[in-house]
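Inspection log for the structure reproduced underneath, given as structure tokens.
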Amino acid sequence: MLKLKDLKPVRKKPVCFCGRTLVKSSLGEFCEIHGTDIRIDPIFVDASFQITDLEGEPLHDHFLNESLPQNQFLRLFSSPRQKNLGVTQEEVIYEVRISPGTTKETLLELIEDFLGELEVDNYFFGYIPFRSFQIRRSGIAIYYCFRFEIISSQNLIRFYFTVLPLRRLSDYISWRLNHCNGNIENIKASLQTNRSNVFLSNGELRHIKDIQWDSSKTFPSKIFLDDPKNQNPEIVEIPSRLYQNRTQFFLGTKTENEMFLSLKEIAYQFVNDFIRYLRFQSITADCKKVKNKVKFEDLLGKFIYTPRQFLRTVGEKQNKIMTEKGLLNKLLLNPKTRKTRALLIVSCSATKSSQINSPALLRYLGKTFLFLKHLLLENSWPTHVDLLIVSAKFGLVKPKEPIPFYEQQLTHETVSKTEQIIDDQIENQEFNYIECFLNLSKIYLKAINNLENVLQSIGCSIKKIVENQTKRNIAMIRWLCQRVMDD
């Protein structure tokens, strides 16, 4: 993930309508393609992002500094309308205006009666939940909630709707036991280390201090919690009353987009049902949706999940900088010094640059390549690490090797063909690496099966993570950062 750490004041930057930066001359500013006829003055935001793991912990000390147009910047955080965009929690706000003369006490009674018909629960994470459903067999659930305030001086009720993706701790334990073949000791170790952060139903963060779990029982009987700020005494809870938030699991961009689109529809339906109820009580009411304006300062500390549009925007910019600085030379394979070197092998990405005859590293714009380019731009690439890319179409590709744009995925039907290409490529090559990291999915690992055997035969230490892409990238970043420290 990327965490917004710093934000500079917005500024205007004249550009051509095509997006190219204007070139300055004695005759004024102009676009190299379209001349001086059309120019616009978009507002740019200078932002600094820090790369983190799924728990929000920084993975290294470098920052990704980018200048993005205001509309693109805001979409990264608050617009679920666009496909393939990461979004964070937002509120949908409605105002219901009541006919004059209705007292605050009367409005409270009406709201309580309306909620009584809906059979909603008590306050939950500071909101009132009125609808929920489970979306994963691992126990992840979506809770649609609201809170309200009564402004009696304006005869107004303001509703704030939000959506909370959460998972009960009991559902997580059940999932580990039934679907992941986990044992009690491993689950206890996980809950007391990586997953020690849990939340009470009122939204308070607590840390798991100890677990009382009889091996004859399905769930722990007691979980002992302490306060991370040491302001409250130790408390005891049961798993069904504790929750994990979205830092402990990954929903996926598509699910998040659908989640917030549904929130708008559900909020609209809820408010209209409430107005019909008021009219049934002979109270005149109407409603309007309030535009929830986003302040840039409020976004500090928020996370984005490196959506495809951000990768494409930043990737194209990095490609231009890297071409000018010639930083790709740092990734050339050096046979003379390879005996003390390490090798990193990554898979290609679906998101690609459309530039003509682009080098392989610049062609791909996926999450993995975003970080690799960032290390190069920061002059932080470990000097003793070589890089190879596994392409579904071209086999093993060197970072500086020009490849055309293509659209081909590695599938179970095509993996044998790719494997044959790679076998032909390594037939006359010599590999003398002391260690290797494989950032590859299972299907890509199958394609380099013979290469892996060759590396093992020369005593190369191979590290691979058979997990999803996010966890593989986190492990790769930590591995590379350790290599940088070794320099």
Going by the structure shown, is Asn449 within 28 Å of the chain's Cα centre (by Cα) and not aromatic (Phe, Trp, Tyr)? no
Residues of region 129-149 being part of a strand (DSSP E or B), surrounded by fewer than 19 Cβ atoms within 10 Å (Cβ to Cβ) and either among the hydrophobic types (A, V, I, L, M, F, W, C) or in the same structural domain as Cys180 (by TED's automatic domain parsing) (or both), which ones? Phe130, Phe133, Ala141, Phe148
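In the list Leu115, Leu166, Leu110, which residue meets the criterion of being modelled with pLDDT of 80 or more, in a strand (DSSP E or B), farther than 30 Å from Cys481 by Cβ and of a type in the set (A, V, I, L, M)? Before the answer, list the steps.
Working: Leu115 fails: in a strand (DSSP E or B); Leu110 fails: in a strand (DSSP E or B).
Exactly one of Leu115, Leu166, Leu110 is modelled with pLDDT of 80 or more, in a strand (DSSP E or B), farther than 30 Å from Cys481 by Cβ and of a type in the set (A, V, I, L, M), namely Leu166.
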Pick out the one residue from Ser358, Ser391, Ser354, Ser380 that is of a type in the set (S, T, N, Q) and buried (at least 21 other Cβ atoms within 10 Å of the Cβ). Ser391
Please work out if Phe310 is among the aromatic types (Phe, Trp, Tyr), modelled with pLDDT under 70 and either touching a helix residue (DSSP H, G or I) at 6+ places or on another chain (Cβ under 8 Å) or surrounded by fewer than 20 Cβ atoms within 10 Å (Cβ to Cβ) (or both). yes
Tally up the residues in region 241-288 that are within 30 Å of Lys209 (Cα to Cα) and either under 15 Å from the mean Cα position of the chain (by Cα) or modelled with pLDDT under 85 (or both), please. 7
Within region 455-473, identify whether any single residue is within 18 Å of Asp386 (Cα to Cα), surrounded by fewer than 16 Cβ atoms within 10 Å (Cβ to Cβ) and of a type in the set (Gly, Ala, Ser), and answer yes or no. yes
Does Tyr433 satisfy the condition of being modelled with pLDDT of 90 or more, of a type in the set (Ser, Thr, Tyr), in the same structural domain as Lys463 (by TED's automatic domain parsing) and out of contact with any Pro (no Cβ under 9 Å at 6 or more places or on another chain)? no
The one condition Tyr433 fails out of (1) touching an Asp or Glu at 6+ places or on another chain (Cβ under 8 Å); (2) under 24 Å from Gln355 (Cβ atoms); (3) aromatic (Phe, Trp, Tyr) is (2)
Does His374 qualify as being more than 23 Å from Cys460 (Cβ to Cβ) and assigned by TED's automatic domain parsing to the domain that holds Lys463? yes
Among the helices (runs of 4 or more DSSP H) confined wholly to region 401-487, which include 1 or more residues that are in contact with a His (Cβ under 6 Å, 6 or more places away or on another chain)? 469-486
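Determine whether Ala392 is without any contact (Cβ under 8 Å) to a residue 60 or more places away in the chain and out of contact with any Pro (no Cβ under 9 Å at 6 or more places or on another chain).
On the way: without any contact (Cβ under 8 Å) to a residue 60 or more places away in the chain: yes; out of contact with any Pro (no Cβ under 9 Å at 6 or more places or on another chain): yes.
Spelling it out, Ala392 is indeed without any contact (Cβ under 8 Å) to a residue 60 or more places away in the chain and out of contact with any Pro (no Cβ under 9 Å at 6 or more places or on another chain).
The values are calculated or read from the model by the stated rules, or taken from the named source; none is laboratory data. Because the structure is predicted, anything quoted here is derived from the model rather than measured. In this analysis, Cβ positions are derived from the backbone assuming ideal geometry, glycine residues included, and neighbour counts consider all displayed protein chains.
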